Amino acid sequence: MTDHRRSRPTEVPPCPGEPPGGPGSQRSDFELKPADFRRLSAFIYDRLGIHLPPVKKTLLEGRLRKRLIALGLPSFTAYCDLLFSERGQAEEVPQMIDLVTTNKTDFFREPDHFTYLTTTALPRLQAGQARPPDKPLRVWSAGCSSGEEPYTLALVLSEYATAHPPFSFTILATDISSRMLAIATAGIYPEERIAPIPQHLRERFLLRSRDRSRRLIKFAPEIRRTIRFEKLNLKDIPPTFRETFHIIFCRNVIIYFDRPTQGWLLEQLVRRLVPGGYLFLGHSEALTGMRHEHLHGVAPTVYRKMGGPGGKDVP
Ligand SMILES: C[S@@+](CC[C@H](N)C(=O)[O-])C[C@H]1O[C@@H](n2cnc3c(N)ncnc32)[C@H](O)[C@@H]1O
């Protein structure tokens, strides 16, 4: 696999506006003891694949502190005891996942990917054998956060469909965070979030709240019905998940994983790409040293699956 980017260390960056140690990190009334940090970070790695080196202790402290306060717990040790109890595993783990995942996203984030999609990838897929014209194009937004990425895909693909009939598509959008999936499924966003969406797409596919003072927008039903939201842990993709896709967006997710997990996930994604299909990674995600015999770099952080069963047909 050809790579266009330099490698970067795996790390969890703070959210925009968050102090370097994470929210609340400037308060010191709760301190995460090294032993508790080790328990939590081992669990987070094991469950989510997210790698938290010791320098991320204050970030984790900051993200979990509010939760301790909400639960009325006296210390991180008490929080660990709760989390690792039978009840905590069922009830607290989803809450903790919501807090430790970084969910930053935007409509039309890394816009050149959408340009490449419509100007190059889709025409090639339409011209080639990878997609029979009477079947919908299948797209997967893996790690979709609060939905901005799959809604952007739905907007761009709807516009493409109008200009290139016959063309239809379906989008599967998955994430591990229940809180993010709830926002995504609702498909309602504050008006200030939609600034990156071009005006003609807003006019065609976005509905304003009847109560203008609420300053909310909702996606039109024709856009919403193209996306299926599901909870899926990319660290633990079940073998029963056998769908294949022409396009996979897995952007700004693998940066949080360590190399072995990245390699495993890459293999899982490639297996679920049809020959000739495209994989889009985040602009800061390098796969240096992680070659895959069937993946070829075709643009910065865009890869195409060549070869493999049926791969000879790829134009
Ligand atoms: C920074 S957001 C990226 C959102 C979008 N792809 C984009 O580029 O704008 C990363 C998302 O990955 C999700 N995530 C992290 N670990 C995950 C895992 N093990 N399985 C599934 N999703 C995960 C987080 O919940 C978060 O919503």
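The values are calculated or read from the model by the stated rules, or taken from the named source; none is laboratory data. Quick caveat: nothing in here was measured; it's all calculated off a predicted structure. When we count neighbours, we look across all protein chains shown, and the Cβ atoms used for this are built from the backbone with ideal geometry, even at glycine.
Taking PRO74 as the residue in question, decide whether it is surrounded by fewer than 19 Cβ atoms within 10 Å (Cβ to Cβ) and either within 14 Å of the ligand (Cβ to nearest atom) or assigned by TED's automatic domain parsing to the domain that holds PRO190 (or both).
Numbers: surrounded by fewer than 19 Cβ atoms within 10 Å (Cβ to Cβ): yes; either within 14 Å of the ligand (Cβ to nearest atom) or assigned by TED's automatic domain parsing to the domain that holds PRO190 (or both): no.
For PRO74, the condition - surrounded by fewer than 19 Cβ atoms within 10 Å (Cβ to Cβ) and either within 14 Å of the ligand (Cβ to nearest atom) or assigned by TED's automatic domain parsing to the domain that holds PRO190 (or both) - is not met.
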Regarding the range 215-223, can at least one residue be identified that is under 20 Å from GLY143 (Cα atoms) and either within 16 Å of the ligand (Cβ to nearest atom) or in a helix (DSSP H, G or I) (or both)?
yes
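Just to be sure before I move on: is SER141 crowded, with 22+ Cβ neighbours inside 10 Å, assigned to a loop (DSSP other than H, G, I, E, B) and of a type outside the set (A, V, I, L, M) in the structure I sent?
Values: crowded, with 22+ Cβ neighbours inside 10 Å: yes; assigned to a loop (DSSP other than H, G, I, E, B): no; of a type outside the set (A, V, I, L, M): yes.
No; evaluated as a whole, the condition is false for this residue.
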Mind checking which residues of the range 259-281 are within 17 Å of LEU48 (Cβ to Cβ) and more than 16 Å from the chain's Cα centre (by Cα)?
ARG259, PRO260, GLY263, TRP264
Residues of the range 156-194 being free of Cβ contacts under 8 Å to residues at least 40 places away in the same chain, outside any strand (DSSP E or B) and surrounded by fewer than 16 Cβ atoms within 10 Å (Cβ to Cβ), in sequence order, are THR162, ALA163, PRO165, PRO166, SER168, ALA182, ALA186, GLU191, GLU192
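If I filter the range 251-269 for residues that are under 25 Å from LEU137 (Cβ atoms) and surrounded by fewer than 19 Cβ atoms within 10 Å (Cβ to Cβ), do I get at least one hit? Walk me through how you get there before you give the answer.
Going through the range 251-269, the residues under 25 Å from LEU137 (Cβ atoms) turn out to be 251-254, 265-269.
Of the ones still in play, those that are also surrounded by fewer than 19 Cβ atoms within 10 Å (Cβ to Cβ) are 267-268.
Looking through the range 251-269, at least one residue is under 25 Å from LEU137 (Cβ atoms) and surrounded by fewer than 19 Cβ atoms within 10 Å (Cβ to Cβ).
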Counting only residues that are in contact with a Phe, Trp or Tyr (Cβ under 8 Å, 6 or more places away or on another chain) and closer than 23 Å to SER146 by Cβ, how many does the range 235-260 have?
8
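Would you confirm whether or not the range 107-120 contains a residue that is part of a helix (DSSP H, G or I) and farther than 30 Å from SER168 by Cβ? Show your work before the answer.
Within the range 107-120, the first condition is being part of a helix (DSSP H, G or I), and the residues that meet it are 112-120.
Of the ones still in play, those that are also farther than 30 Å from SER168 by Cβ are none.
Among the residues of the range 107-120, not one is part of a helix (DSSP H, G or I) and farther than 30 Å from SER168 by Cβ, which makes the answer no.
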I'm checking my understanding of the structure. Among residues of the range 31-71 that are assigned to a loop (DSSP other than H, G, I, E, B) and in contact (Cβ under 8 Å) with a residue 60 or more places away in the chain, which one is farthest from the ligand (Cβ to nearest atom)?
HIS51
Any residue that is in contact with a Cys (Cβ under 8 Å, 6 or more places away or on another chain), at negative phi and modelled with pLDDT of 95 or more - is there at least one of those in the range 250-257?
no
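Taking only the range 83-92 into account, find how many residues are in contact (Cβ under 8 Å) with a residue 12 or more places away in the chain and surrounded by fewer than 16 Cβ atoms within 10 Å (Cβ to Cβ).
First pass over the range 83-92, keeping only residues in contact (Cβ under 8 Å) with a residue 12 or more places away in the chain: 83-84.
Filter once more, so that each one left must be surrounded by fewer than 16 Cβ atoms within 10 Å (Cβ to Cβ): 84.
Total meeting the criteria: 1.
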